[in-house]
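Structure, as structure tokens:
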Amino acid sequence: LKIAAIRENGANERRVALVPDVAVRIKRLGCDVALEAGAGIASSYPDSAYKDVSIEADKKMLLSSANILLAVEPPSVEIVQAMKPGAILISFVYGRNNTALVRALRDGKITGFAMEQIPRISRAQAMDALSSQATLAGYYSVLLGAVHMPKILPMMTTAVGSLRAAQVLIMGLGVAGLQALATAHRLGAVTEGYDVRPETRDEAHSLGSKFVETGVDATGQGGYARELTADEKAKVRAVLSDHIARSDLIVTTAAVPGRKAPRLIDAEQIAKMKPGSVIVDLGAEGGGNCEGTKAGETVQVGPATIVGPVNLPSCLAEQASELYSKNILNLLQQIIKDGKLTLDMTDEVVAKTLVTHDGKITSEAVRQVIE
Ligand code: NAD
């Protein structure tokens, strides 16, 4: 089996799907490994770091010879069309938004694994690319916020008096939010967290943070949040407004799978914030948790600076690639035995992660928007 990783094309994409250590471990599965020349450079892995890996400058050759192609971002239709029929693609796919890509996978009889569809079950944790990338994004969001603030995060005693610690509020305590909370706490801020799932209260407390109590429980299916009703939204808003007004830094990370990012902060609440306060909106790509967020931009809205980062994991490309590549390795270990492909369609991880196989769209959610 030949497993190959491509050089990413996206303008803001610095990650690579295969890091040198993982290449060695894939070889141990009995596979040949190839890399498009220069694929790892942007994430600090020069071609020379990949031992026993064939470095291919000719992308077409690489695509047409690979049995399994690894990528980070959803690849272009052209890339899929240059793949060998019957080959496997492992990458983020986001099929509901990338319908042309899914059609190309289907028509090219490519078996497409969508890394964002790895089920959230204990056994699959080591393959969970959404979590590995969100962990880094959460960490980085606080640093990004800190550099936009006109003040420091920790309390500091100086010869001319003490500086007070900053107030940090993290809204949405999933994987990214908890990491943001931990990072802000480590940097010495006074932290509080908020989520619609009440079980996050204990997680916030265990990180040395307070939890904002709103009295609304929106636990949904599979450990995710459900959408709030209008009454619930009003109740939550009333409680949160005070906390928002007294924060120096807010990081918002709220998401409801398959839906637009929920709005957590509106213009009226922003207007009451302190001068110099900062909001980092990790929901920016999904429409924003905050009114006025512009994806990919930093904007001033009244007293607050709103940072709307896109693809934060790519800013930490070296380790984001390391974790993503290990997530893929763990998936490969499920589907390769002694150098041979063993696709078990009854396996929950395989079944839920596949988007296309053998000329068919296998993911019900994706089929709904395409067929
Ligand atoms: P996510 O990115 O889907 O959402 C981020 C957070 O936003 C969630 O905690 C959610 O509750 C919260 N949220 C949604 N609407 C909100 C609102 N209106 N106001 C405030 N907060 C709101 O979440 P995620 O990081 O992918 O994780 C979701 C859950 O899945 C977590 O409980 C996590 O621990 C769990 N999980 C389990 C596994 C596993 O078992 N393998 C892997 C990853 C995550």
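Readers should treat all values here as calculations from the given coordinates under stated rules, not as data from a laboratory. As the structure is a computational prediction, the values presented were derived from the model and not from experiment. Don't worry about glycine lacking a Cβ; one is built from the backbone with ideal geometry, like all the others, and counts go over all protein chains shown.
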Seminar exercise, completed: If N is the residue count of region 116-155, its Cα Rg over 2.2 N^0.38 Å rounds to 1.70
Exercise. Helix 230-245 sits at what angle to the longest principal axis of the chain, using alpha carbons and giving 0 to 90 degrees rounded to 10?
Worked result: 70
Exercise. What 222 nm value per residue comes from the helices of the chain, counting each DSSP H run with n ≥ 4 as -39,500 (n - 2.57) and dividing by all residues, nearest 500 deg cm²/dmol?
Worked result: -9500 deg cm²/dmol
Exercise. Given just the C-alpha atoms of the chain, how large is their convex hull per residue in cubic angstrom?
Worked result: 145
Problem set entry | region 220-329: relative contact order as a whole-number percent, Cα under 8 Å and 6+ apart | 20
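Give the Kirkwood hydrodynamic radius (Å, one decimal) of region 211-266, defined as one over the mean of 1/r across all pairs of different Cα atoms.
Working: mean 1/r = 0.0802 Å⁻¹.
Roughly 12.5 Å, rounded to one decimal.
Pulled fully out, how much extra length does the chain show between residue 202 and residue 81, if you take 0.36 nm times their separation in residues and subtract their Cα-Cα distance?
Stretched fully, the residue 202-residue 81 segment lengthens by 38.7 nm.
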For this session: Give me the number: length gained by fully extending residue 9 to residue 107, i.e. 0.36 nm times residue separation minus the C-alpha to C-alpha distance, one decimal in nm.
Result: 33.0 nm
For this session: In whole angstrom, note down how far apart the Cα centers of region 44-70 and region 95-119 are.
Result: 22
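Work the Kirkwood hydrodynamic radius out for region 1-151: mean of 1/r over every pair of different alpha-carbon atoms, inverted, in Å.
That comes to 16.5 Å for region 1-151.
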Problem set entry | Highest-first arrangement of 98-106, 201-209, where packing means the average Cβ count within 10 Å | 98-106, 201-209
